[in-house]
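Where a number appears in this text, it was derived from the coordinates with a stated rule and is not lab data. For clarity, every value in this text was computed on a predicted model and none was experimentally measured. Cβ: placed from backbone, ideal geometry, glycine included. Neighbour counts: every protein chain shown.
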Amino acid sequence: MAGRDYVNLFSLRATIYSLLAITTVIIAVRLYGPLARPRTFQWDDGWMVSAYIWFLTLSILYLVLAQPMLRVQDARSGKAPLYATMADDGALVKRTLFFASPFFWFCLWSVKFSLLSLYKRFTKGLKVYTRIWFGVTIFCALALVGACITSLVACQPVSGWFKADGCRSQRDAWASNVSVWYAFAADVATDLAVMVLPVGLIWGLRMPLAQKMSIGALFCLGLVVIAVSVIRVTELKSNVGLYDIVNPVWLAFWAELEAAIAVIIGCCPGLYRIFKTRSLKKKSTYNSRSYGYGKSGSRGPLGSRATANDIALQPRLHSAIKITKTTEFNVSTRVYGDDASSQEELTGDQMYVYPGR
């Protein structure tokens, strides 16, 4: 089967390098705070590190595989003559794709588990939501296992993945397509489950409706990943028949694109939290400059308060305000436990924010 004309060696490598650079910058910004202050490192941060590692590994595999994969594909489609080492290149392609498929799914599911870890901190004390969270998490884990199994048995015997003449039967072609379609269905179903899960939690936040909608839209960015998945399988349907082997060049191109978008979308809640914290810091610093002086000449706060609008992604807020000195003003905000709380300290004219303390 001939590959798509827009996927050649230059476009494939340029796409991989570009997506790798963009994703690296975004993940670095997303993880700078948690890595700089290890005490603030949470499970959702760890899963995003995992997602990036799998994405990086996948990108390296496709970069190494790009040239032999395209040479084999061009020779098989008649665009180029057969060559002496074609069998060896074909075996290399199959061996690499054997590992690339699970790496791709591990990347996507690491993003899902990162979001689930974030939601878990908001379900403390809420039994119904905790049970729903466990149900969605188990569903996602089982779907991942199913995707890996269908990919593994797409070639029979499994040793055919490591042979030049393996995975060429009609049964293998059919099983390969079944694996792709099952993985697509599992990916979309789990994405929808992860997006729907926080709807009730967001609705319970004590904040204006507009802000609830903005946070809800943030978590619904997973629709972008679903859209890319739909485009990927739509292209697949229009380019392969029932018993055709999926074009590995085309599959690599779209897998790389979908994995990169998934990692970027997974970083969005963390980036939102970072920018919200910086906005709160600037606002509090500005408020500190409006302090007046008492009769004794010491500075004291004329008025400063923390509201639900100032704290990002924090449900059912209640603040404990303690004034320890006339020159110090501490605000502590806690949500169902230490690991889901944030503390802000204002001393003099400076504001220090320690998320997650």
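Points worth noting:
- Amide proton proximity set for V153, modelled H, under 5 Å, gap of 5+: none
- Charge context of C107, other residues only, Cβ under 14 angstrom, K/R +1, D/E -1: -3
- Annotation: amide H-H contacts under 5 Å for L126 (H modelled 1.01 Å from N, sequence separation of 5 or more, or interchain): none.
- If you plug the beta carbon distance of S18 and A80 into 1/(1 + (r/R0)^6) with R0 = 30 Å, you get a FRET efficiency near 0.70.
- Paramagnetic label reach from W43 (point 7 Å along Cα→Cβ; backbone nitrogen cut-off under 20 Å): within the stretch 136-166, residues 136-145.
- Counting other Cβ atoms within 10 Å as a rough exposure proxy, the listed residues E235, E256 run E235, E256 from fewest neighbours to most.
- Hydrodynamic radius of the stretch 9-278 by the Kirkwood approach over all distinct alpha-carbon pairs: 19.9 Å.
- Using R0 = 41 Å, the C-beta based FRET efficiency linking S169 and I138 works out to 0.70.
- Distance (nanometres) between label positions extended 7 Å along Cα→Cβ at L271 and A87: 5.0 nm
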